[in-house]
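**Q** I am attaching a structure below and will ask some questions about it afterwards.
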Amino acid sequence: MFDCLAMEVVDAQVVAWRARDAAAFAEFYAPDAVIVMGPGEGDTLEGRDAIWAHYENAFLEMPADTNLEIANRITSGEYVIDEEALWGDGFAGEAVAIYRVQSVPILVQSQDFEFEDHYTRRCLITHVQFLPWVDHEEGVAE
């Protein structure tokens, strides 16, 4: 049996987010992961490549002083529910993110003809659902 510590995986991707490292951030997501953005916040991201591309662009566009803090957290098995507070130059708000972390089979391709390709397992984020953004200036979600 392969147990995942969901909170550790989510914490690691938060560290990559704070470093604005899209490649490292995307590595915590399963190859077929899905991120569902909150209503009015954009499209659904499907697959690690789409997640990487979206966040690479987002990191380039966000103000340099943008901060992310986990204000509250609930964990239950493979689920982590974070209240994420973001603030920076001219904005402040929060969103709730519901993460699902699972043990995912990953193909390891052998570079040596004497060994066969095989699978290993990694704990990765497979699904994220964002609830509507709450702008602190307005005080309510739209």
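The values are calculated or read from the model by the stated rules, or taken from the named source; none is laboratory data. All values derive from a computational prediction rather than experimental measurement. Please note: Cβ atoms are built from the backbone with ideal geometry, for glycine as well, and neighbour counts cover all protein chains shown. Each accessible area value is taken on the protein alone, full model and side chains, heavy atoms only, with ligands, DNA and RNA left out. Shrake-Rupley method; radii C 1.70, N 1.55, O 1.52, S 1.80 Å.
**Q** Any idea which of 79, 99 is open to solvent by 30 Å² or more (accessible area, probe 1.4 Å), within 21 Å of residue 38 (Cβ to Cβ) and of a type outside the set (Lys, Arg)?
**A** Every option except 79 fails the conditions.
**Q** Shifting gears a bit: Condition first: touching a residue at least 24 places away in the same chain (Cβ under 8 Å) and not in a strand (DSSP E or B). Can you find one or more residues in region 80-98 that meet it?
**A** There is at least one residue in region 80-98 that is touching a residue at least 24 places away in the same chain (Cβ under 8 Å) and not in a strand (DSSP E or B).
**Q** Oh, and also: Only one of (1) touching a Phe, Trp or Tyr at 6+ places or on another chain (Cβ under 8 Å); (2) open to solvent by less than 70 Å² (accessible area, probe 1.4 Å) is not met by residue 71, so which one is it?
**A** Failing condition for residue 71: (1).
A quick yes/no check of all residues on (1) farther than 18 Å from residue 131 by Cα; (2) modelled with pLDDT under 95:
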| site | (1), (2) |
| --- | --- |
| 25 | yes, no |
| 28 | yes, no |
| 32 | yes, no |
| 48 | yes, no |
| 61 | yes, yes |
| 70 | no, no |
| 73 | no, no |
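**Q** Here's another thing I want to ask about it. Need the failing condition index for residue 5 against (1) open to solvent by less than 60 Å² (accessible area, probe 1.4 Å); (2) touching a Cys at 6+ places or on another chain (Cβ under 9 Å); (3) over 15 Å from residue 128 (Cβ atoms), just the number.
**A** That leaves (1) as the condition not met.
**Q** Looking only at region 1-55, filter to residues that are of a type in the set (Gly, Ala, Ser) and closer than 16 Å to residue 127 by Cβ; which one of those is nearest to the chain's Cα centre (by Cα)?
**A** Filtering region 1-55 for residues that are of a type in the set (Gly, Ala, Ser) and closer than 16 Å to residue 127 by Cβ, the one nearest to the chain's Cα centre (by Cα) comes out as 26.
**Q** Could you tell me whether residue 25 is of a type outside the set (S, T, N, Q), surrounded by 15 or more Cβ atoms within 10 Å (Cβ to Cβ) and farther than 30 Å from residue 119 by Cα?
**A** In short, no.
**Q** How many of the residues making up region 56-68 are touching an Asp or Glu at 6+ places or on another chain (Cβ under 9 Å) and either open to solvent by less than 80 Å² (accessible area, probe 1.4 Å) or not hydrophobic (A, V, I, L, M, F, W, C) (or both)?
**A** Adding up the residues that qualify gives 5.
**Q** Could you list, in sequence order, the residues of region 34-46 that are surrounded by 12 or more Cβ atoms within 10 Å (Cβ to Cβ) and either under 24 Å from residue 104 (Cβ atoms) or at pLDDT 95 or above (or both)?
**A** 34, 35, 36, 37, 45, 46, listed by residue number.
**Q** Taking region 84-110 as the search range and keeping residues that are polar (S, T, N, Q) and closer than 20 Å to residue 27 by Cβ, which one is modelled with the lowest pLDDT?
**A** If we take residues in region 84-110 being polar (S, T, N, Q) and closer than 20 Å to residue 27 by Cβ, then 109 is modelled with the lowest pLDDT.
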